[in-house]
1. If E195 satisfies all but one of (1) more than 20 Å from the chain's Cα centre (by Cα); (2) charged (D, E, K, R); (3) surrounded by 12 or more Cβ atoms within 10 Å (Cβ to Cβ); (4) at pLDDT below 90, what's the number of the condition it fails?
2. For region 219-239, which positions are out of contact with any Lys or Arg (no Cβ under 8 Å at 6 or more places or on another chain), surrounded by 14 or more Cβ atoms within 10 Å (Cβ to Cβ) and either closer than 28 Å to H152 by Cβ or basic (K, R) (or both)?
3. For region 143-162, name all the residues that are charged (D, E, K, R) and either within 17 Å of G212 (Cα to Cα) or modelled with pLDDT of 95 or more (or both).
4. Does region 100-130 hold any residues that are buried (at least 19 other Cβ atoms within 10 Å of the Cβ) and of a type in the set (K, R), and which are they?
5. For residues that are assigned to a loop (DSSP other than H, G, I, E, B) and not β-branched (V, I, T), tally how many sit in region 6-57.
6. Can you confirm whether region 10-17 contains a residue that is in contact (Cβ under 8 Å) with a residue 12 or more places away in the chain and farther than 25 Å from T138 by Cβ?
7. Can you say whether V157 is more than 24 Å from G17 (Cβ to Cβ) and either buried (at least 16 other Cβ atoms within 10 Å of the Cβ) or of a type outside the set (D, E, K, R) (or both), as far as the supplied structure shows?
8. Before we move on, is L205 in a loop (DSSP other than H, G, I, E, B) and either more than 27 Å from T138 (Cβ to Cβ) or not small (G, A, S) (or both)?
Amino acid sequence: MLKDGKSKKLPLYIQIGELLHREIAAGHWQPGERLPIESQLATSLNVAVGTLRKALAKLESDGLLERRQGSGTYVKRAPTGTAIYQFFHLELLGGGGVPRADTLAVSMRQEPEVAQQLEMDYLEAKLWSIRRKRYLNTQLVAAEEIWIDHRHSDSLVAEDLHESLYMHYREVFGFWIGRVEDRIDCVQAPDWVTEQLGLPSGTTLVRVERKGWSNNNQVEEFSRTWFDPQKCRYFARWS
């Protein structure tokens, strides 16, 4: 059954924490550098100081920030793999940007090619297909389709899905994605993608094909993401 709707939004303080995490990862603030004072930072982010403080406290508990009494909040170290969106490798052309998502449709399908990517024995097995639009801050940058085995849920409703599907997998399905493999190429995007991105039919976009392995070392997710290189870029950082 096809169900339309939007994803469940993450709490605002988590969104702000993810934004700051990605800004630091992009090099906008370096280890040892002091962040702007809370009132200025809250104003620039258009959030209440209390919301900002919750986000800063979370980043401090993760070891990313350090609060020095009477001095301010400093970047303690470069980010590692603690963020909700640690596997989300799109960022704005200038770096950073907090990921957001709107779910367009959820449907159950039989797609042997995808079942093969998921290393399923029965290639005619039923799969959940999830189509979404992806944003960085408020900028629409990509469209994606994700497939998972139907065994995880008899009924999947768009409104019940988190913006972070990886959080949904952990909290609802009982597994989490521990590693991924991305393959990148340039292809003519499907019509549904160009329509959602407001681009002419037949536009060539960058495509990321991803396989995701769970904590049990099983392939649990296959996805395709098409993004506009005029609006964002793919990145990978190692330390």
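The values are calculated or read from the model by the stated rules, or taken from the named source; none is laboratory data. Predicted, not measured: the structure shown is a model, and the values here were computed from it. Note: ideal-geometry Cβ built from the backbone for every residue, glycine included; neighbour counts use all protein chains shown.
1. (4)
2. E220, K231, R233, Y234, listed by residue number.
3. Result: E144, E145, D149, R151.
4. R100
5. Summing the residues that are assigned to a loop (DSSP other than H, G, I, E, B) and not β-branched (V, I, T) in region 6-57 gives 17.
6. Among the residues of region 10-17, not one is in contact (Cβ under 8 Å) with a residue 12 or more places away in the chain and farther than 25 Å from T138 by Cβ, which makes the answer no.
7. Yes, satisfied.
8. No.
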